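Inspection log for the structure reproduced underneath, given as C-alpha cells.
The values are calculated or read from the model by the stated rules, or taken from the named source; none is laboratory data. The structure displayed is predicted, hence computed values, not measured ones. Here Cβ is always computed from backbone atoms with ideal geometry, including for glycine, and neighbour counts include all displayed protein chains.
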C-alpha cells in the first residue's frame with residue numbers, strides 16, 4: 001500500500017503546513033509516531049477507538065508508521081487526531097485520498113470537535 005499524506009496546520013504557526021504521512025505495511029503489528037510529536041501518548045489510542053467505533057477497520061495485523069513532517073518542528077495537540085485517522089484510513093484503502101487540510105479533536109465515537117473544515121463532523125464524513 002502506498003504512503004498516505006494528509007495535510008494539517010501547525011497549531012501555533014498557522015502559516016506552517018504539517019504533512020501527516022502514514023505507512024501501513026507488513027511487519028510486527030503496532031503503531032509508531034515520529035516527527036517530534038510531544039503529545040501525551042494517547043493519540044494512537046484515541047485514533048484507534050474512533051476508527052473502530054465509526055465502523056472502519058483498524059489494521060490490527062499491520063505495522064503503522066506515522067510521520068509528522070517537518071520532523072524538526074515540535075508538535076503537540078489534539079488537532080492532529082483527525083488528520084492521523086484520515087491518513088490511516090487512506091493508507092489502508094478504506095477511504096479515498098483527502099485533498100483538503102484537516103484538523104480536529106476526535107472523540108472515541110468518531111465525532112470531531114473543533115474540526116477544520118467545519119463540514120466534517122465525524123470520521124464517517126470521509127467515507128467514499
Filter segment 91-111 down to the residues that are over 18 Å from residue 5 (Cα atoms) and in contact with a helix residue (DSSP H, G or I) (Cβ under 6 Å, 6 or more places away or on another chain), then identify the one that is modelled with the lowest pLDDT.
105
Could you check how many residues of segment 94-113 are on the phi < 0 side of the Ramachandran plot and in a strand (DSSP E or B)?
6
I'd like to know if segment 79-87 contains one or more residues that are within 12 Å of the chain's Cα centre (by Cα), assigned to a loop (DSSP other than H, G, I, E, B) and crowded, with 19+ Cβ neighbours inside 10 Å.
no
Quickly run through segment 114-128 and pick out the residues that are surrounded by fewer than 16 Cβ atoms within 10 Å (Cβ to Cβ) and assigned to a loop (DSSP other than H, G, I, E, B).
117, 118, 119, 121, 127, 128
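Residue-wise test of (1) at negative phi; (2) under 14 Å from the mean Cα position of the chain (by Cα); (3) at pLDDT below 90.
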residue: 35; (1), (2), (3): no, yes, yes
residue: 42; (1), (2), (3): yes, yes, yes
residue: 50; (1), (2), (3): yes, yes, no
residue: 59; (1), (2), (3): yes, yes, no
residue: 62; (1), (2), (3): yes, no, no
residue: 65; (1), (2), (3): yes, yes, no
Would you point out which residue out of 66, 46, 34 is in contact with a strand residue (DSSP E or B) (Cβ under 8 Å, 6 or more places away or on another chain) and farther than 25 Å from residue 96 by Cβ?
34
When both residues are 6+ apart or on different chains and their Cβ atoms are under 7 Å apart, which pairs have a first residue that lies in segment 92-119 and is more than 17 Å from residue 43 (Cβ to Cβ), and a second that is at pLDDT 95 or above and exposed (fewer than 13 other Cβ atoms within 10 Å of the Cβ)?
94/57
Residue count for segment 16-59, restricted to those that are part of a loop (DSSP other than H, G, I, E, B), farther than 12 Å from residue 85 by Cα and touching a residue at least 60 places away in the same chain (Cβ under 8 Å)
1
